[in-house]
Amino acid sequence: MFRKGIVKRAVLRRFAVTLRGIDDTFSGILTEFDTEMYVFEDCYKVPTKEGETVAKIPGRLFVERNTVAWLQELP
């Protein structure tokens, strides 16, 4: 189910985004969305393994909604 009202209130907030099936997480500011895509800006790779460091991801990320396992709003 798509809850547009909840997502609309979350625009311009930073999230940790965990993707399905690839054990990868990044943080970014949600700037746009529709029923199929999220758009994030000012993104960083979140270290998930020992020895990894935070890395800036250039540009905007377009993420299909069905590839997102979960979103966690960050302070």
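The numbers here are math on the coordinates, done by the rules we state, and not lab data. Model, not experiment: these values are computed from the prediction. Positions of Cβ are backbone-derived with ideal geometry, glycine not excepted, and every protein chain shown enters the neighbour counts.
Numbers for the structure displayed
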quantity	calculated
Mean separation of Cα contacts under 8 Å, 6 or more apart, over the residue count of the chain: relative contact order %	32
Computed label-point distance, nm, for sites THR48 and ILE22 using a 7 Å Cα→Cβ extension	1.0
Formal net charge of residues neighbouring GLY28 (Cβ-Cβ distance under 13 Å; K, R +1; D, E -1)	0
Spacing of the two label points (7 Å from each Cα toward its C-beta) at THR31 and ARG13, in nm	1.9
CD proxy at 222 nm, helix term only [per DSSP H run n ≥ 4: -39500 (n - 2.57); per residue of the chain; nearest 500]	-2500 deg cm²/dmol
Translational diffusion coefficient (Stokes-Einstein; Kirkwood radius from C-alpha pairs) of the chain at 10 °C, 1.306 mPa s, in µm²/s	125
